[in-house]
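Colleague: Have a look at this one before I ask anything.
The values are calculated or read from the model by the stated rules, or taken from the named source; none is laboratory data. All values derive from a computational prediction rather than experimental measurement. Here Cβ is always computed from backbone atoms with ideal geometry, including for glycine, and neighbour counts include all displayed protein chains. Areas reflect the complete protein model, heavy atoms only, side chains present, ligands, DNA and RNA absent. Shrake-Rupley method; radii C 1.70, N 1.55, O 1.52, S 1.80 Å.
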Amino acid sequence: MRLAIFDLDNTLLNGDSDHAWGQFLVDKGVVDADVYREANDRFYHLYQRGELDIHAYLAFALEPLTQHPMEQLMQWHNEFMREVIAPMRLAKADALLAQHREQGDFLLIITATNDFVTRPIAESLGVDELLATTCELRNGSYTGRIVGTATFREGKVTRLQEWLQERGFSLEGSYFYSDSQNDLPLLEMVDHPVAVDPDPTLRALAEERGWPVISLRDA
């Protein structure tokens, strides 16, 4: 079975779910609005420039999960799915997933965004599996730490290689769709790298290397 691998944020979604969750917490009054918004925006800009310290970001992003019971977090996430994620859905992304599904491919999302934020999104998209940065749970509560390797940059390669070994898949004939220069390590591994509404750095590299460049946002 061939693998069709997808980045999530700004690829299958018209926006970044990680940054949007932070803004959602600001809008709900869950966090200090000015302080949290400034940090959330700063980390996002560092990510866009390919300069993000993933561990510093995760320490920031996971802290709110430690401060509230799971029931409350899930209630907020249900609101987040309706109010924020639903408008980010892209008809062309759904059609691309359906195309690979009809071809008998195994659909895998691999994202640096943590699994609390992304698992319900991946389920709503109907993919076969999700590889995301895994939040540590202890006695039913988040600790603010992660389990294993963060699925970011080279970490996506590490986590995917572990998963391939566990599941017995190979990358023969594989696709990977991404918008971000941060995903170059994985794009360079697959047989069919595809740049999706790419950032300027990835667009230039894709054009130089002859990789397909597509848009899932164009009408």
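Colleague: Around LEU3, with a cut-off of 12 angstrom between Cβ atoms, what is the net charge of the other residues, counting Lys and Arg +1 and Asp and Glu -1?
Modeller: Residues close to LEU3 contribute a combined charge of -3.
Colleague: Now a separate question. How tilted is helix 200-209 with respect to the longest principal axis of the chain? Cα atoms for both, answer in degrees (0 to 90, nearest 10).
Modeller: With both axes taken from Cα atoms, the answer is about 20 degrees.
Colleague: With axes computed from alpha carbons, what is the tilt in degrees of helix 70-80 against the longest principal axis of the chain, rounded to the nearest 10 within 0 to 90?
Modeller: Once rounded, one gets 60 degrees.
Colleague: Any idea what the relative contact order of the range 60-219 is, in percent, if you count C-alpha pairs under 8 Å spaced at least 6 apart?
Modeller: 16
Colleague: Rounding to the nearest 20 debye, state how big the charge dipole of the chain is about its Cα centre with +1 on each Lys and Arg Cβ and -1 on each Asp and Glu Cβ.
Modeller: That gives a dipole near 200 debye.
Colleague: Further, regarding this structure: Please report the relative contact order for the range 1-115, taking Cα pairs under 8 Å with a sequence separation of at least 6, and give it as a percent rounded to a whole number.
Modeller: 54
Colleague: Ok, one more. So how tilted is helix 33-48 from the main axis of the chain? Cα-based, degrees 0 to 90, rounded to 10.
Modeller: 20
Colleague: Which value, in Å² rounded to 10, gives the accessible area of HIS192 with a 1.4 Å probe and all protein chains present?
Modeller: That residue has around 70 Å² of solvent-accessible surface.
Colleague: Just the number: Rg to Rh for the chain, Cα atoms, Kirkwood Rh, two decimals.
Modeller: So for the chain, dividing Rg by the Kirkwood Rh gives 0.95.
Colleague: Whose amide H sits under 5 Å from the amide H of ARG145, counting only residues 5 or more places off or on another chain, with H placed in the peptide plane?
Modeller: HN-HN under 5 Å from ARG145: GLU136.
Colleague: Could you work out the relative contact order of the range 102-177, using alpha carbon pairs under 8 angstrom and six or more residues apart, expressed as a whole percent?
Modeller: Worked out over the range 102-177, it gives 25 percent.
Colleague: Which one, GLN48, GLN72, GLN161, has the greatest fluctuation when you compute a Gaussian network model over the chain with C-alpha springs under 10 angstrom?
Modeller: Its mean-square fluctuation being the largest, the pick is GLN72.
Colleague: Okay, helix-only estimate at 222 nm for the chain: each DSSP H run of n ≥ 4 adds -39500 (n - 2.57), divide by all residues, round to 500 deg cm²/dmol; what do you get?
Modeller: Per the formula, -13500 deg cm²/dmol.
Colleague: Here is a further query. Over all directions, average the projected area of the Cα convex hull of the range 62-126 and note it in nm².
Modeller: Taking a quarter of the hull surface, the average projection is 5.1 nm².
Colleague: For LEU186, what is the net charge nearby, where nearby means another residue's Cβ is under 13 Å from its Cβ and Lys, Arg count +1, Asp, Glu -1?
Modeller: -3
Colleague: Leaving ligands, DNA and RNA out of it, report the carbon-plus-sulfur percent of the accessible area of the chain at a 1.4 Å probe.
Modeller: 47
Colleague: So, one more: Over the alpha carbons of the range 116-203, what is the largest minus smallest coordinate on each principal axis, giving the biggest first in Å?
Modeller: 43, 32, 26
Colleague: Right, next: Mind checking the per residue accessible area of the range 121-192 for me, 1.4 Å probe, whole number of Å²?
Modeller: So the range 121-192 comes to 46 Å² accessible per residue, rounded to a whole number.
Colleague: Among VAL194, TRP76, TRP211, whose Cα lies farthest out toward the positive end of the dipole of the chain, if unit charges sit on the beta carbon of Lys, Arg (+1) and Asp, Glu (-1)?
Modeller: The one lying farthest along the dipole's positive direction is TRP76.
Colleague: Where does the charge balance sit around GLU166 when Lys and Arg score +1, Asp and Glu -1, over other residues with C-beta under 15 Å from its C-beta?
Modeller: Net charge around GLU166: -1.
Colleague: On average, how much accessible surface per residue is there in the range 1-103, in Å², for a 1.4 Å probe, leaving out ligands, DNA and RNA?
Modeller: 49
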